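**Student:** What follows is a single structure, and I will ask about it in a moment.
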Amino acid sequence: MKAIKFGGTSMSTAASIDQVINIIRSDPERRFVVVSAPGKTDGESKVTDMLISVFNAGQDRINAFSHVTARFDKLRSELGLPDGFFDSDFAEIIERLPDAGYDYIVSRGEYLCAKLLAALLDYEFIDSASLIKFRGGAYDDSYTSSVCKLGLQNKRNAVIPGFYGSDNNGNIVAFSRGGSDVSGAIVARAVGADVYENFTDVDGFMTCDPRIVPHASVIDVLTYKELRELSYMGANVLHPESIFPVRKANIPIHIRNTFNPSATGTMIVPTDDYLAGKYERINKRPITAIAGKKNFYSLYIDKSMMNSEIGFVRRVLSCFERLEIAVEHIPSGIDSMTVVFSAVDRDTANALMASIQADVKPDHMHLSTDISLIAIVGHGMVSRPGTAARAISRLSNAGINLRMIDQGASEINIILGVSDSDFERALVALNGEFEV
Ligand code: ASP
C-alpha cells in the first residue's frame, strides 16, 4: 500500500488536479493522499502566500480572504463540484479570521484543498489536526506516531491536508514552509506504507545542478545518508525533516513528477543494499552526485604550539556557541585550525573575531568571506582509493585553487572549499571527472 503526497504545483489548476486524480486512480494501492495548498499559476501566487497576506492585512483580512475563496471557487466549478460546496468552510474561516493566529490562517490552503480532492475522489477527508500533534510549539513525534496510527487504522482511504497539526488545546500549529512533505512522511509511517510517493514538478534528484551542468541526469537510487548530504548543500527537492519519520520505519521515498508520470523518478532507500534486487542502482558509479553552495566564511587561526595547548579548540568553539553560529567544518593542522561556517553579518563576524582574540590569543587570524563548498557524495567511494586524488588533480588541471578539503569518517562525502569566483567552473570540472 502506498501513501502519496502531491505538492502545490500538482494542485494548482483544474487540469493538474485532473492529472492528480488520474495518477491516484491508476493504482488501487494509492489509498492515503496528503496534499499541499494550490501553488503558483501564470497569474496567481501560491495560496499559502495569499494566506500570509491575509494574516498581514489587519482590519482588511476578510476582504483579502476573498481572493482565496475566489481561487477555490474557480477550481471547484471547473472540476464540477456543486455551488455552495465550500460555503460552510468559508463561513467558519471568515468568522474566525479577525482573531485568528498565523498558523490557523496559513493552514487553510491545505485544509480546503484536501476537502476538494476528497470529494472529487470520493475518499474520506480526515483533518490533520486530529492526526499530527504538537506540544509547546514543537512537533511531538512519539505522541503523533500513536495518535496518527489510531486515527488511520481501519480506514479504506483518506485525503489528509499537509503542513499542519494541532496542540493539546486544539490550536492549529503549522510546520515550517514546505512542511507537507513531513506530513506525508508521518502518514506513510502511520499506515505502514510500502512506499511514500512524493509527487512534485521535477523528475527527481539531479546528479548536479542542471543550471550549471546542463547534462546532469536524474539519480535513480539514493540512500537517506546521501540525501542528507545533498539537501544540506542546497539540493532542495524535499523538506529536510521529511525523511525522519519514514527513515525510522525503513520506508523508501519515491520522488516522482506529476507532469511526467512515466518517468522513473528517484527512489530514496534506507541503505545502499536495502531492497537489493528490487531497487538496485542501475548506475554503479562511485559518485552519486555533486552539489555545492556559495556563501560560506572560513576563519583561519594560527598559534604556535597549538596542538599541546589543552582546551584550545574547545575555547574557539565556545566563541561560536556564544554567538549562536553553527560550525560546518573544522579542518586543522598542527599549529592551525580553520573553522568553516555559513556567512554571518559584519557585526557578528567582528564580535566573533574579538572574542576569539580575547579567549585564545592566536598569533594570527584571518577571515575569508568568499568560500564555496562542494560535496562529492556517494556510497560507492567507501574503501575505494583515489577519489580525493582525482578530484584534487582535476581542479588543479583546471587552474582552480583548492582552499579546503575535508572528508568525514563515513567516507560517503568529500567536501572541497573553493573561492566563490571559481564555484561554477569547479562544479563543471568535477562533473567532467566523475561523469555523474
Ligand atoms: N503550502 C505550504 C508552503 O507553501 C506547505 C507545503 O506546500 O508543503 O510552504
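Please treat every number below as a calculation from the coordinates, not as lab data. Just so you know, these numbers come straight off a predicted model, no measurement behind them. As a convention, Cβ positions derive from the backbone with ideal geometry for all residues, glycine included, and neighbour counts pool all protein chains shown.
**Student:** Could you tell me what percent of the DSSP beta bridges with both partners in the stretch 65-219 are antiparallel, to the nearest 5?
**Tutor:** Percent antiparallel among DSSP bridges in the stretch 65-219 is about 65.
**Student:** Taking the Cα centre as origin and putting +1 on Lys and Arg beta-carbons and -1 on Asp and Glu beta-carbons, what dipole magnitude results for the chain, to the nearest 20 debye?
**Tutor:** Dipole about the Cα centre, nearest 20: 800 debye.
**Student:** In whole angstrom, note down how far apart the Cα centers of the stretch 235-253 and the stretch 359-421 are.
**Tutor:** Answer, in whole Å: 27.
**Student:** Using Cα pairs closer than 8 Å and at least 6 residues apart in sequence, work out the relative contact order for the chain, in percent.
**Tutor:** That works out to 13 percent.
**Student:** Suppose only helical runs count, i.e. DSSP H with n ≥ 4. What mean residue ellipticity at 222 nm does that imply for the chain under -39500 (n - 2.57) per run, divided by all residues and rounded to the nearest 500 deg cm²/dmol?
**Tutor:** Roughly -11000 deg cm²/dmol at 222 nm, from the helical runs in the chain.
**Student:** Sticking with this one: Which of the pairs K46/K155; K5/K46; K46/K225 have their Cα atoms more than 24 Å apart in this structure?
**Tutor:** Among K46/K155; K5/K46; K46/K225, the Cα-Cα distance tops 24 Å for K46/K155; K46/K225.
**Student:** Then there is this: Quick one: Cα centre-to-centre distance for the stretch 290-336 and the stretch 12-87, in angstrom?
**Tutor:** 48 Å
**Student:** Still on this structure: Hey, fewest Cβ within 10 Å first, where do V35, V202, V339 land in order?
**Tutor:** If I rank by nearby Cβ atoms, fewest first, I get V202, V339, V35.
**Student:** Still on this structure: Once you treat every alpha carbon in the stretch 99-159 as an equal point and sum by Debye, what is log10 I(q)/I(0) at q = 0.17, 0.25 Å⁻¹?
**Tutor:** For the stretch 99-159 at q = 0.17, 0.25 Å⁻¹, log10 I(q)/I(0) is -0.69, -1.09.
**Student:** Now a separate question. Where nothing but the Cβ of Lys and Arg (+1) and of Asp and Glu (-1) is charged, how large is the charge dipole of the stretch 309-436 around its Cα centre, in debye to the nearest 20?
**Tutor:** 260 debye
**Student:** Still on this structure: By the gyration tensor of its Cα atoms, with a ≥ b ≥ c the square roots of the eigenvalues, what is the shape of the stretch 289-388: rounded for a/c under 1.5, prolate for a/b over b/c, or oblate?
**Tutor:** In terms of gyration-tensor shape, oblate.
**Student:** I'd like to know which of A37, N250, S336 lies farthest towards the positive end of the charge dipole of the chain, counting +1 on Cβ of Lys and Arg and -1 on Cβ of Asp and Glu.
**Tutor:** N250
**Student:** Mean separation of Cα pairs under 8 Å and 6+ residues apart, divided by the residue count of the stretch 64-210: what relative contact order is that in percent?
**Tutor:** Computed value for the stretch 64-210: 20 percent relative contact order.
**Student:** Out of the DSSP beta bridges found with both residues in the chain, what percent are antiparallel (nearest 5)?
**Tutor:** Restricted to the chain, the bridges split so that about 60 percent are antiparallel.
**Student:** Counting Lys and Arg as +1 and Asp and Glu as -1, each charge on the Cβ, what is the dipole of the stretch 102-208 about the Cα centre in debye, to the nearest 20?
**Tutor:** 320 debye
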